[in-house]
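What follows is a single structure, written as structure tokens, with notes after it.
Values in this text are rule-based calculations from the coordinates and carry no lab data. Note that the structure is predicted; figures quoted are calculated from it, not measured. Cβ sites come from the backbone with ideal geometry, for glycine too, and all protein chains shown count toward neighbours.
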Amino acid sequence: MMRTRPLKVALLGCGVVGSEVTRIMTTHADDLAARIGAPVELAGIAVRRPDRVREGVPAELVTTDATALVKRGDIDVVIEVIGGIEPARTLITTAFEHGASVVSANKALVAADGAALHAAAEANDADLYYEAAVAGAIPLVRPLRESLAGDTVNRVLGIVNGTTNFILDKMDSTGAGYSEALDEATALGYAEADPTADVEGFDAAAKAAILAGIAFHTRVTIDDVHREGLTEVTAADIASAKRMGCTVKLLAICERAADGASVTARVHPAMIPLTHPLASVREAYNAVFVEAEAAGQLMFYGPGAGGAPTASAVLGDLVAVCRNKLAGATGPGESAYTRLPVSPMGAVVTRYHISLDVADKPGVLAQVATIFAEHGVSIDTVRQSGKDGEASLVIVTHRAADAALSSTVGALRELDTVRGVASIMRVEGE
Ligand SMILES: NC(=O)C1=CN([C@@H]2O[C@H](COP(=O)(O)OP(=O)(O)OC[C@H]3O[C@@H](n4cnc5c(N)ncnc54)[C@H](O)[C@@H]3O)[C@@H](O)[C@H]2O)C=CC1
Ligand SMILES: N[C@@H](CC=O)C(=O)O
Ligand code: NA
């Protein structure tokens, strides 16, 4: 039976995501009410710039005082789509203290301080839901938290940043320049307020931390995630990947160690074969593989960024949280009982593509091969091309520990015959 008294919702932030949340809440009010079992009413919208024209946003609901809004006491659910650490963190905590549950899209905050936020929610018998924070519209947080809660997840690997995937795709398929592609991604609402978060890998690292924490039932913060962004990827890397039948993607990879006693989480550009399903993920789409003991391999795919797709995930959480409210219950909280340590990048084992500029004279190849052997890194393939006494060596290794590869490269740099290390890129997906 439908309850007539509405559930009251406060919206914090009315930018790319917030404006779409408002639109869907307004245009689909009847359906949302039917699915929840009570009407949901937008009771206030906190914005930073009140004079901005916002189509479809009732002017009487707009306020610049977000703190007063979350302190009202009659708000059932706060939707936080401001972004950043502060004031979002204080507003969310204050919302819990005043009886509201929270839906957030804020991966930066959850990855930095998720444990404290979950504790604050629990202390106040409230929900904290954040499906939109990871891979936009793609259901990933809820499947990991709920559907796979009875299985053992060993690996999560995928593309979790729409902006960088859009840039790489445009550079690869249309030959667009880096800045031009980034400007387009920003105009389409994919990039963060400061796109450095996207291109330097902070956004993907935040998502990797959240995924690793939920998948392995432990605590992982953004500081635990090894992070390399897109800015070091050169046109030569992309061309070299093409020659190998590969493409370059920015990947997030979270793994449980073979002995199950630790985990790793990393974000970096990697070469993947064109035959791998991730190679065909275009534009701002995301795709994530989850490998679980009983389930086997699952693939999640869909729009990873943009106002409407992200609002879809926010609205899904809103419906869930409202249903919990009506039932007088809360959904699953933080599950971090394993307390598995996060190992450093040096412990990660993978393959590498290394491009060296060397002197083109007898014995150089043997010298280079010896350095690899001395550090326990086995070579899979070598390609040499050169002229006028200089040569380029492209080496692909078998699987080796990252620490072993780093010391190999350190030793190679010491050789007089190695003029420079043009690029080092990990090779995944084989
Ligand atoms: N745009 C996207 O594709 C996605 C965004 N997200 C996350 O959603 C959140 C919002 O992102 P966007 O809407 O893209 O950003 P945005 O920059 O378009 O919107 C944020 C809005 O919050 C407002 N704001 C800032 N401080 C405020 C305050 N103290 N009080 C009231 N309003 C304030 C800003 O003026 C801005 O209009 C971020 O956490 C972002 O990481 C998550 C998934 C996808
Ligand atoms: N800036 C992010 C938005 C979604 O999380 C991205 O590009 O993926
Ligand atoms: Na999602």
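Numbers at a glance
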{"quantity": "Segment 182-215 and segment 238-281: distance between their alpha carbon centers, rounded to Å", "calculated": "17"}
{"quantity": "10 Å-binned pair-distance histogram of segment 43-195 (Cα, whole percent)", "calculated": "10, 30, 32, 21, 7, 0"}
{"quantity": "Candidates per chymotrypsin sites (Phe, Trp or Tyr not before Pro) in segment 293-385, loop by DSSP, up to 15 other Cβ within 10 Å", "calculated": "Tyr337"}
{"quantity": "Cα-centred dipole magnitude for segment 108-183, charges only on beta-carbon of K, R (+1) and D, E (-1), debye, nearest 20", "calculated": "200"}
{"quantity": "Under Karplus coefficients 6.51, -1.76 and 1.60, residue-wise ³J(HN,Hα) of segment 377-382 in Hz, glycine/proline x", "calculated": "9, 8, 8, 8, 9, 9"}
{"quantity": "Qualifying GluC sites (Glu not before Pro) for segment 43-141 [loop in DSSP, other Cβ within 10 Å: at most 10]", "calculated": "Glu55"}
{"quantity": "Under the Karplus curve 6.51 cos²θ - 1.76 cosθ + 1.60, θ = phi - 60°, whole-Hz ³J(HN,Hα) for segment 243-250, x wherever Gly or Pro sits", "calculated": "4, 8, x, 10, 9, 9, 10, 8"}
{"quantity": "Segment 390-426-segment 109-146 distance, computed between alpha-carbon centres (Å)", "calculated": "41"}
{"quantity": "Taking only Cα atoms of the chain, radius of gyration then Dmax in Å", "calculated": "24.0, 86"}
{"quantity": "Amide H within-cut-off set for Ser262, under 5 Å, with H built and near neighbours excluded", "calculated": "Ala257"}
{"quantity": "Dipole moment magnitude, nearest 20 debye, the chain about Cα centre, only Lys, Arg, Asp, Glu C-beta charged", "calculated": "500"}
{"quantity": "Dimensionless Rg over Rh [segment 1-81; C-alpha; Kirkwood]", "calculated": "0.97"}
{"quantity": "Share antiparallel - DSSP beta bridges, the chain, percent rounded to 5", "calculated": "70"}
{"quantity": "Built amide H within the under 5 Å cut-off of Val78, gap 5+", "calculated": "Ala10, Ser101, Val102, Val103"}
{"quantity": "On Cα atoms only, tilt of 88-97 relative to the major axis of the chain in degrees", "calculated": "40"}
{"quantity": "Listed residue pairs exceeding 31 Å between alpha carbons, taken from Lys107/Lys170; Lys170/Lys387; Lys249/Lys361; Lys249/Lys325; Lys170/Lys361; Lys107/Lys242", "calculated": "Lys170/Lys387; Lys249/Lys361; Lys249/Lys325; Lys170/Lys361; Lys107/Lys242"}
{"quantity": "Segment 276-347: radius of gyration over Cα atoms, expressed as a fraction of 2.2 N^0.38 Å", "calculated": "1.55"}
{"quantity": "For Asn286, distant residues with modelled amide H under 5 Å away", "calculated": "Gly302, Gly304"}
{"quantity": "Low-density loop positions, trypsin sites (Lys or Arg not before Pro), segment 51-120 - DSSP coil, at most 13 other Cβ in 10 Å", "calculated": "Arg52"}
